[in-house]
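K.L.:
Please read through the structure below; I'll follow up with questions.
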Amino acid sequence: MRKIIHLDMDAFYASVEQRDDPQLRSKPVIVAWRGNRSVVCAASYEARTFGVRSAMPSVRAQRMCPSAIFVPPDFPRYRAVSRSVQEILKRHTDRIEPLSLDEAYLDVTENKMGLPTATLVARMIRRQIHDELNLTASAGVAPNKFLAKLASDWRKPDGLFVIQPEEIDAFLLPLPVGRLPGVGKVTGEKLAKLGIQTVEDLRSLDLSVLEHEFGHYGLRLHELARGTDDSQVTPNRLTQSISVEGTYEQDVLLAETEPMIRRLIEKLWSASRKEPRIARTVVLKLKTSEFRTLTRSYTPASPPSSCEEMTDIALWLRERVTLDPRQRYRLVGVGLSNFREAEETVAQTVLFE
């Protein structure tokens with residue numbers, strides 16, 4: 001029987017801002033750039049009481065919470081704090097799967113401290129984060145990743161919830177099916193038409209019915225309804241791609257995108273310096289006023305060796321966009337992909353994608 005912890009930092013970006021600026025404590029804080037097209041990166045729990053949530057348009061968030069204090073995001077600082085959290089986690093196990101800057105899975109079936117239960121490990125981790133970083137984290141403890149993730153949401157913020165093997169059915173069966181990963185609006189509506197509202201209802205359906213209605217995902221639903229999840233905690237998951245993007249206040253012509261591209265490449269170059277492997281492919285992304293997305297990518301014979309070289313490639317990719325010159329664009333993004341170990345990045349034939 002595995003012992004899995006899902007650790008989730010509470011309102012991470014906003015909590016870091018409140019920790020570092022005493023004037024923000026106990027106040028509704030929204031981490032976001034101001035602007036008509038900006039979105040919320042994070043909201044403190046004081047702001048969440050007004051209904052503010054991550055990924056919400058900033059304009060809407062301001063209407064919902066007029067007293068909110070807007071703070072521009074400081075991702076280098078958040079990454080530094082995240083590394084400090086990771087160092088605490090490594091005291092307890094090497095089997096850590098980071099999901100983002102603020103959450104991770106840990107397999108503590110065996111732990112370095114020799115603690116007898118996963119619950120004690122989770123308690124110690126949360127206490128160390130609080131004492132050393134002055135931040136709070138919520139944790140879920142369960143026999144697998146799926147259940148641990150559900151459990152960590154159960155008593156947020158600053159909570160701990162444990163699902164023992166013998167308690168799985170009592171916890172899981174009453175839940176609405178919308179709590180299951182992958183059950184969004186469309187799948188939820190389809191399940192509702194089948195008379196399925198709760199996990200217990202879902203468990204009553206035969207596997208053949210689920211596979212007929214949902215294809216391969218039907219098998220996943222069948223397993224989740226039984227609390228089954230065999231996926232492993234995967235340490236050191238390798239980066240497949242990194243990207244940054246920006247949205248304009250007002251749509252612009254292609255010829256007017258160069259300043260944004262240059263700023264984004266600077267951020268991308270800085271982020272790429274933190275990766276142990278080297279990216280070989282540069283990607284340019286554009287979204288038109290009509291929300292059509294275009295991408296252009298280029299794999300040079302050798303990886304870009306400077307920010308200037310990466311900028312030149314991105315601007316050259318822009319020239320490969322052949323839409324009407326009067327077409328306007330609302331978003332620009334740049335990215336890197338095709339990561340390889342340093343010794344693998346030998347000269348190769350130039351590829352166009």
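Just so you know, all these numbers are worked out from the coordinates, no wet-lab data involved. Predicted model only: the values in this text are computed from it and were never measured. Glycine gets a Cβ as well: all are built from the backbone with ideal geometry, and neighbour counts include every protein chain shown.
K.L.:
Calculate, in nm to one decimal, what ARG2 and GLN250 gain on full extension: separation in residues at 0.36 nm each, minus their alpha carbon distance.
P.N.:
Values: separation 248, 0.36 × 248 = 89.28 nm, distance 5.19 nm.
Between ARG2 and GLN250, full extension yields an extra 84.1 nm.
K.L.:
OK, next. Using Cα-only point scatterers and the Debye equation, what is log10 of I(q)/I(0) for segment 183-326 at each q in 0.09, 0.13 Å⁻¹, rounded to two decimals?
P.N.:
Computed log10 I(q)/I(0) values: -0.54, -0.79.
K.L.:
Among DSSP beta bridges whose residues both lie in the chain, state the antiparallel percentage, nearest 5.
P.N.:
On the way: 46 of 52 bridges.
Roughly 90 percent of the DSSP beta bridges within the chain come out antiparallel.
K.L.:
Explain nothing, just the number: dipole magnitude of the chain about its Cα centre with +1 on each Lys and Arg Cβ and -1 on each Asp and Glu Cβ, in debye rounded to the nearest 20. All intermediate terms of the calculation are to be shown ahead of the outcome.
P.N.:
Values: 50 positive and 47 negative charges, 146 e Å.
Dipole of the chain, to the nearest 20 debye: 700 debye.
K.L.:
Another question, if that's okay. Given segment 16-114 reduced to its alpha-carbon atoms as identical point scatterers, what log10 I(q)/I(0) does the Debye formula return at q = 0.10, 0.13 Å⁻¹?
P.N.:
Values, matching the q order: -0.36, -0.56.
K.L.:
Another question, if that's okay. Within segment 108-151, which trypsin sites (Lys or Arg not before Pro) sit in a loop by DSSP and count at most 14 neighbouring Cβ atoms inside 10 Å? Don't skip to the end; give the middle numbers.
P.N.:
Working: sites: LYS112, ARG123, ARG126, ARG127, LYS145, LYS149; in loops: LYS112.
When the trypsin sites (Lys or Arg not before Pro) of segment 108-151 are filtered for loop state and at most 14 Cβ neighbours within 10 Å, LYS112 remain.
K.L.:
For segment 102-124 and segment 259-291, what is the separation of their Cα centres, given in Å?
P.N.:
37 Å
K.L.:
Please give me, ordered by residue number, the trypsin sites (Lys or Arg not before Pro) of segment 242-326 that lie in loop per DSSP and have at most 11 other Cβ atoms within 10 Å.
P.N.:
Values: sites: ARG262, ARG263, LYS267, ARG273, LYS274, ARG277, ARG280, LYS285, LYS287, ARG292, ARG296, ARG318, ARG320, ARG326; in loops: ARG273, LYS274, ARG277, ARG292, ARG320, ARG326.
Filter output for segment 242-326: ARG273, LYS274, ARG292, ARG326.
K.L.:
Can you check what the Kirkwood hydrodynamic radius comes to for the chain, Cα pairs only, in Å to one decimal?
P.N.:
Working: mean 1/r = 0.0433 Å⁻¹.
By the Kirkwood definition, the hydrodynamic radius is 23.1 Å.
K.L.:
Place a +1 charge on the Cβ of each Lys and Arg in segment 241-352 and a -1 charge on the Cβ of each Asp and Glu, then give the dipole magnitude about the Cα centre in debye, rounded to the nearest 20. Intermediate results must be reported in sequence, preceding the final value.
P.N.:
Values: 17 positive and 16 negative charges, 53 e Å.
Value, rounded to 20: 260 debye.
K.L.:
Need one number: convex hull volume per residue for segment 173-224, Cα atoms only, in Å³.
P.N.:
Working: hull volume 3.3 nm³, N = 52.
Residue-normalised Cα hull volume stands at 64 Å³.
K.L.:
With a 10 Å radius around each residue's Cβ, average the other Cβ atoms per peptide and rank 212-218, 135-141, highest first.
P.N.:
Values: 212-218: 13.3, 135-141: 24.6.
My ranking of the peptides, most packed first, is 135-141, 212-218.
K.L.:
Please report, in whole Å, how far the alpha carbons of segment 13-74 spread along each principal axis, starting with the longest.
P.N.:
For segment 13-74, the Cα spread along each principal axis is 28, 23, 15 Å.
K.L.:
What do the square roots of 5 times the Cα gyration tensor eigenvalues come to for segment 149-248, in whole Å, largest first, as semi-axes of the equivalent ellipsoid? List each step's numbers first, then the result.
P.N.:
Numbers: eigenvalues 137, 90, 49 Å².
Each semi-axis is the square root of five times an eigenvalue, giving 26, 21, 16 Å.
K.L.:
Can you give the % of DSSP beta bridges in segment 1-119 that are antiparallel, to the nearest 5? The partial results should precede the final answer.
P.N.:
Details: 12 of 15 bridges.
Roughly 80 percent of the beta bridges in segment 1-119 run antiparallel, per DSSP.
K.L.:
Let me see the P(r) profile for segment 241-352: every Cα-Cα distance counted, bins of 5 Å, each bin given as a percent of all pairs.
P.N.:
In whole percents, the pair-distance histogram is 2, 12, 25, 23, 17, 11, 6, 3, 1.
K.L.:
With θ taken as phi - 60° and the coefficients 6.51, -1.76 and 1.60, list the Karplus ³J(HN,Hα) couplings across segment 105-119 in order, rounded to whole Hz; mark glycine and proline as x.
P.N.:
3J(HN,Hα) across segment 105-119, in whole Hz: 9, 10, 9, 10, 3, 10, 10, 5, 7, x, 6, x, 9, 5, 4.
K.L.:
Another one. Give the distance, in whole Å, between the Cα centre of segment 224-248 and the Cα centre of segment 299-339.
P.N.:
Between the Cα centre of segment 224-248 and that of segment 299-339, the gap is 26 Å.
K.L.:
Would you list the P(r) distribution for segment 274-325, with all Cα-Cα distances sorted into 5 Å bins from 0 and each bin expressed as a whole %?
P.N.:
Result, from short to long distances: 4, 17, 26, 21, 15, 9, 6, 1, 0 percent.
K.L.:
Now for a separate question. So, with +1 on the Cβ of K and R and -1 on the Cβ of D and E, and no other charges, what is the size of the charge dipole of segment 94-248 about its Cα centre, to the nearest 20 debye?
P.N.:
Rounded to the nearest 20 debye, it is 220 debye.
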